[in-house]
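Novice: Take this structure, written in structure tokens, and hold onto it; I'll ask about it next.
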Amino acid sequence: MSARRGTQMAAAAALLLPVALAIVPRFDVALAREVVAAPSIADTLRLSVDEAVARALSQGEEIHIANSQVDVADAQVRQALSEALPQINGSLTYGRQFASIYQSLAGDTSGIASLFKNSPFGSPNSWNAELTGSQLLWSGGRIAAGLSAARAYRASNRADRDETAANIRARVQRAYLEAVYSREVLAISRMGLDQARAHLTEVAEYQKEGSRSEYDLIRAQVDAANEEPPVVTASNAVDLAMFNLKRLLNVPLEQPLELTTTLTFPDRMVPVVADENNEPTGRAALIRADADVEARKQLVRVQKAGYWPSLTLSGTLSQQAFPQIERPTLDQFHRSLTAQLRLDLPIFTGFKVSGAVAQANAELRQAEYQRDQERENVEIEVAQARLEARRMLAELLARDVTAGLAQRAHYLADVRYKNGLSTQLEVSDARLQMQTAQINEAEATKNYRLALLELERALGHPLPLVKRPLDELTAAQTEEER
């Protein structure tokens with residue numbers, strides 16, 4: 001019976017094997033086609049420059065470190081405040097006496113033995129529930145000064161966090177504008193390549209008609225070929241700028257990123273500084289320096305408090321029981337209440353206090369010098385940022401005029417060439433000058449935006465900006481030059 005079943009199974013396998021071999025390859029190919037046809041594509045992330053800054057400030061490691069330092073400072077303020085508040089503690093103690101010199105009295109039935117029966121001497125068990133409290137009444141101003149120093153330290157850390165956020169904002173804005181500028185250069189390069197190829201098509205048609213020479217055709221072919229490398233270079237620059245921006249924003253490199261803020265000014269309305277006499281009153285670096293000086297002043301007071309005595313009031317409430325068994329009853333507890341008033345006098349500390357005061361004074365002077373140095377650095381930084389903003393605005397106006405003239409020159413050169421009044425060299429030279437002028441205009445626009453952002457960062461508060469037409473600013477500058 002088993003032999004017949006084995007023969008039947010072998011015959012079935014022989015019949016089904018070709019069918020299986022024919023089906024499996026088809027199934028694998030179909031499955032592979034489904035996998036290839038449905039790739040996983042990440043959603044495109046669209047960000048403006050403000051949204052990019054907000055993302056960096058919410059996800060960056062540097063701002064998280066600064067926030068943790070502020071949390072540490074807040075905890076130190078609470079610790080300094082705790083020294084001025086009452087200190088209340090409770091405890092419960094159980095003791096077991098395994099051997100005692102009073103054990104010989106355990107069998108004594110006289111009156112003397114009964115006296116030690118429920119006392120610390122005769123009882124093997126002891127329970128003590130204790131509540132202690134203390135309040136510092138006077139410490140020479142040490143507690144108040146310590147609390148003020150902790151608060152100043154907290155203000156310093158908060159200002160440091162704000163300065164870190166300002167630096168992150170500046171780096172992200174610069175990287176964002178660099179990426180937008182690189183994209184603009186790529187668009188200009190591609191437009192130049194399209195113009196060169198369109199011109200090559202026209203020259204080829206003219207050459208077929210016999211109105212242009214072979215030299216013009218070759219020259220147009222060379223010009224079109226020369227426009228291809230700048231496109232590749234600009235494309236690589238865009239990729240590198242986007243990689244740098246994604247790194248700052250913690251965006252995966254493979255995720256598509258679209259920048260919604262444009263480089264050019266809408267409607268040719270340029271923002272200019274309305275009041276150039278702003279002072280850096282909100283600069284976080286100056287706030288941090290002032291807070292550091294205040295903290296050092298309070299630490300000097302803390303150390304000087306070591307010359308003065310301290311007065312502390314304390315009290316203890318305890319309930320004690322000494323039962324013969326482990327678990328006592330409530331009526332076996334006896335109450336005890338004590339109070340103490342303690343005065344500590346620093347008669348001689350081995351010059352410890354005077355050394356601490358000298359060190360605190362030296363650190364205070366150091367903090368004051370650093371504050372003055374920081375003020376000078378900020379003043380110089382603000383002055384440089386103002387001059388750079390003025391220079392970049394003047395350059396932007398000049399580049400705008402140059403770009404317009406270069407575009408007009410290229411148009412006239414192309415018209416002249418079509419009418420046989422100019423050469424191929426004049427057309428290619430005009431196109432190259434137009435592209436250079438357009439790239440310079442885009443760079444000037446980027447630099448002016450960066451200059452405004454740098455001035456805002458140096459001042460520590462938003463700039464009072466007004467929008468003025470670009471043509472009006474150009475006319476005003478021309479009048480000043482005359």
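Novice: What number, rounded to the nearest 500 deg cm²/dmol, is the helix-based mean residue ellipticity at 222 nm of the chain, given -39500 (n - 2.57) per DSSP H run of at least four residues and division by all its residues? Mind dumping the intermediate values first?
Specialist: Numbers: 11 runs with 315 residues, N = 482.
-23500 deg cm²/dmol, from helical runs alone.
Novice: Quick one: check the C-alpha center-to-center distance for region 371-392 versus region 434-482, whole angstrom.
Specialist: 18 Å
Novice: Could you list Leu425, Leu452 in order of exposure, starting from the residue whose Cβ has the fewest other Cβ atoms within 10 Å?
Specialist: Result, fewest neighbours first: Leu425, Leu452.
Novice: While we're looking at this one, here's another question. Quick one: net charge of Gln424's neighbours, Cβ under 9 Å, K/R +1, D/E -1? Can you show the working numbers first?
Specialist: On the way: positive: Arg212, Arg219; negative: Asp216, Asp223, Glu426.
Net of charged neighbours comes to -1.
Novice: Additional query: May I ask you to evaluate 6.51 cos²θ - 1.76 cosθ + 1.60, the Karplus curve with θ = phi - 60°, for each residue of region 285-294 and list the ³J(HN,Hα) values in order in whole Hz, giving x for glycine and proline?
Specialist: 5, 6, 4, 5, 5, 5, 5, 5, 5, 4
Novice: Let me ask you something else. Would you work out if the chain is rounded, prolate or oblate? Take a ≥ b ≥ c from the square roots of the eigenvalues of the alpha-carbon gyration tensor; rounded if a/c is under 1.5, else prolate when a/b is larger than b/c, oblate otherwise.
Specialist: Numbers: a/c = 5.66, a/b = 1.67, b/c = 3.40.
Verdict is oblate for the chain.
Novice: Any idea what angle helix 424-459 forms with the longest principal axis of the chain, computed on alpha-carbon atoms, 0 to 90 degrees, nearest 10?
Specialist: 20 degrees
Novice: Turning to a different aspect of this structure: What are the ³J(HN,Hα) values, in whole Hz, obtained from phi via the Karplus relation 6.51 cos²θ - 1.76 cosθ + 1.60 with θ = phi - 60°, for each residue of region 144-159 in sequence order, with x given for Gly and Pro?
Specialist: 5, 5, x, 5, 5, 5, 5, 5, 5, 5, 5, 4, 5, 5, 5, 5
Novice: Any idea what angle helix 214-226 forms with the longest principal axis of the chain, computed on alpha-carbon atoms, 0 to 90 degrees, nearest 10?
Specialist: The answer is roughly 0 degrees.
Novice: Something else now. For region 295-438, what are the per-bin percents of Cα-Cα distances with bins 10 Å wide, up to the bin holding the maximum?
Specialist: Going from the shortest bin to the longest, the percentages are 9, 13, 10, 10, 10, 9, 8, 8, 7, 7, 5, 3, 0.
Novice: OK, next. Calculate the dipole size of region 327-482 relative to its Cα centre from +1 charges on Lys and Arg beta carbons and -1 charges on Asp and Glu beta carbons; express the result in debye to the nearest 20. Walk me through the numbers before you get to the answer.
Specialist: On the way: 21 positive and 24 negative charges, 138 e Å.
Computed charge dipole of region 327-482: roughly 660 debye.
Novice: Now, a different point. Assuming a strict under-22 Å limit between Cα atoms, what lysine pair count do you get for the chain once near-sequence pairs (fewer than 8 apart, same chain) are dropped? Spell out each step's value before the answer.
Specialist: On the way: Lys208/Lys418; Lys246/Lys446; Lys297/Lys352; Lys304/Lys352; Lys446/Lys467.
For the chain, qualifying lysine pairs total 5.
Novice: In what order do Ser58, Ser134, Ser428 fall by count of nearby beta-carbon atoms within 10 Å, going from fewest to most? All intermediate terms of the calculation are to be shown ahead of the outcome.
Specialist: Details: Ser58 10, Ser134 16, Ser428 22.
Ranking Ser58, Ser134, Ser428 by Cβ neighbours within 10 Å, fewest first, gives Ser58, Ser134, Ser428.
Novice: So how tilted is helix 352-418 from the main axis of the chain? Cα-based, degrees 0 to 90, rounded to 10.
Specialist: Tilt relative to the chain: about 20 degrees.
Novice: To continue, here is another question. Arrange Met392, Met191 by Cβ neighbour counts within 10 Å, fewest through most, would you?
Specialist: Details: Met392 20, Met191 16.
Ascending Cβ contact count within 10 Å gives the list Met191, Met392.
Just so you know, all these numbers are worked out from the coordinates, no wet-lab data involved. As the structure is a prediction and not an experimental result, all values here were calculated from the model. As a convention, Cβ positions derive from the backbone with ideal geometry for all residues, glycine included, and neighbour counts pool all protein chains shown.
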